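Only one structure is covered here, and it is reproduced in the block below.
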Amino acid sequence: MTEYENCLQNLYSRRHPKRGDLRVLQKLLKQWNSPHLAYPVIHVGGTNGKGQVSGSIARALTSAGYKTGLFTSPHLFEYTERIQIDGEEIPRDKIVSLYREMLEQPDSHLLNFFEATCGFGFRYFQEEQVDVAVVEVGLGGLLDSTNLVEPILAVITSLGLDHTDYLGDTLEEIAAQKAGIIKPGIPVVVGPSAQLPPVLDRAKEMKAPLHLVSERPSFYGDENRAIARVALEVLQKTFPMSQEAVSKGVAYRPPCRFEKRGDIILDVAHNPKGLARLVDALDQFYPNVPTRFVMGLKEAKDLIGCIDQVAPRATHIHFIEAPTFAPYPRSHIPSCALSLEPSIKEGMRAALAQKGKDELIVVCGSFYLMKEVSDCFCGSFNN
């Protein structure tokens, strides 16, 4: 095992429960000379669409000639995806050196996985002297580790029920958590589905200039592009950009967001709202095409709600039920055929074997589902 692999193994072992307390990370960042305050930050939160909007803003800034950091989560294929500068992932040996530095700090053993990763990203951006960084919220907003930044712009893409065990059981409770990234006097861009009272009231309370995105296209990718475009318009005052750079940014689409490979579509929708948007996209682009789903959810989210979103559209659901995925609620009977699969590999094999001639396979759910599907079945895709 390489030193980098040993480092990752230790980081993954730190996936202990979220504490809702930023003091441990604050202590590390103070020891590191407050790297999170060393450059302007665009802070992007929301239930769905964060990755596309963050990537769009970062690409536009890079295209305009600014050295741009991008911090996102989770990753699809490789840990280093989480920390990038101008589209280049942080080198593995840099992760190792940052990890060693972290271990030298007091109370480093108390840092959890995401806190450590945030620290690495902030310090790397400082060392590389970025002009600006786009930082995606990990979970929620108010108590998220990224909320230690002092942004020049906040963006809230969307709101929906997700991580209810941590953020609250209602949209209003979740909205209040997401609104925690709104800072005094700092402009905030709010997507069409995020314009709920807790967000609007927080902006008013903070005297934060409010930019509401009114456009709500039927395809969720277009909605995310509309949000990114408004954010870039606001940023023009601080970071002038050509229309060409803006267009390059807005055109960005991250992998596994309604990504079609032959007869297979990959999409990381993993909550009821995200899956509803996925089904809407299928209805729009493939209205009469029978669809077979392979679904796996990493955490015990609203499983029944997720299944019920895709069931009316599905000819069959291959639900991944493995030690690393949430168990299927056996008392629930969906309105379509459903089989429980012991692994991602077995689920994909069954879907491919049973697939009808004109049938689509949609792989959806956890980000971590996509790596194994890609690793094991890329040769099966008809590019």
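The values are calculated or read from the model by the stated rules, or taken from the named source; none is laboratory data. Only a predicted model underlies this, so the values are computations on that prediction, with no experimental measurement involved. With ideal geometry, Cβ positions are generated from the backbone for all residues, glycine too; neighbour counts draw on all protein chains shown.
crowded, with 24+ Cβ neighbours inside 10 Å and either under 26 Å from R15 (Cα atoms) or without any contact (Cβ under 8 Å) to a residue 12 or more places away in the chain (or both): which single residue out of V155, V137 fits that description?
Answer to the selection: V137.
Restricting attention to the range 66-115, and to residues there that are in contact with a Leu (Cβ under 6 Å, 6 or more places away or on another chain) and closer than 16 Å to K27 by Cβ, which single residue is surrounded by the fewest Cβ atoms within 10 Å (Cβ to Cβ)?
Out of the qualifying residues, it is Q105.
What number of residues in the range 238-276 are within 30 Å of L171 (Cβ to Cβ) and part of a loop (DSSP other than H, G, I, E, B)?
Here the count works out to 11.
Please state which one of D201, D165 is modelled with pLDDT of 90 or more, of a type in the set (D, E) and assigned to a helix (DSSP H, G or I).
Just one listed residue meets the conditions, D201.
Sort out which residues of the range 204-237 are in a loop (DSSP other than H, G, I, E, B) and under 26 Å from G65 (Cα atoms), and write them in order of number.
Hits for the range 204-237 are Q236, K237.
Taking the conditions exactly as written (under 25 Å from E372 (Cα atoms), in a strand (DSSP E or B), under 21 Å from the mean Cα position of the chain (by Cα) and in contact (Cβ under 8 Å) with a residue 12 or more places away in the chain), does I307 satisfy them or not?
no
Against the definition (farther than 23 Å from L142 by Cβ, touching a residue at least 40 places away in the same chain (Cβ under 8 Å) and polar (S, T, N, Q)), how does S242 come out, yes or no?
Considered against the rule, which asks whether it is farther than 23 Å from L142 by Cβ, touching a residue at least 40 places away in the same chain (Cβ under 8 Å) and polar (S, T, N, Q), S242 comes out as yes.
Suppose we filter R330, R292, R313, R349 for residues that are in contact with an Asp or Glu (Cβ under 6 Å, 6 or more places away or on another chain) and over 23 Å from R15 (Cα atoms); which single one remains?
R292
Which of (1) out of contact with any helix residue (DSSP H, G or I) (no Cβ under 8 Å at 6 or more places or on another chain); (2) more than 14 Å from C364 (Cβ to Cβ); (3) not in a loop (DSSP other than H, G, I, E, B) does S331 not meet, given it meets every other one?
Single failed check for S331: (3).
Out of all the residues in the range 177-185, is one or more touching a Lys or Arg at 6+ places or on another chain (Cβ under 8 Å), in contact (Cβ under 8 Å) with a residue 12 or more places away in the chain and surrounded by fewer than 17 Cβ atoms within 10 Å (Cβ to Cβ)?
Within the range 177-185, one or more residues are touching a Lys or Arg at 6+ places or on another chain (Cβ under 8 Å), in contact (Cβ under 8 Å) with a residue 12 or more places away in the chain and surrounded by fewer than 17 Cβ atoms within 10 Å (Cβ to Cβ).
Can you pull out the residues in the range 213-244 that are touching a Gly at 6+ places or on another chain (Cβ under 9 Å) and farther than 16 Å from G49 by Cα?
Of everything in the range 213-244, just one residue is touching a Gly at 6+ places or on another chain (Cβ under 9 Å) and farther than 16 Å from G49 by Cα, namely M241.
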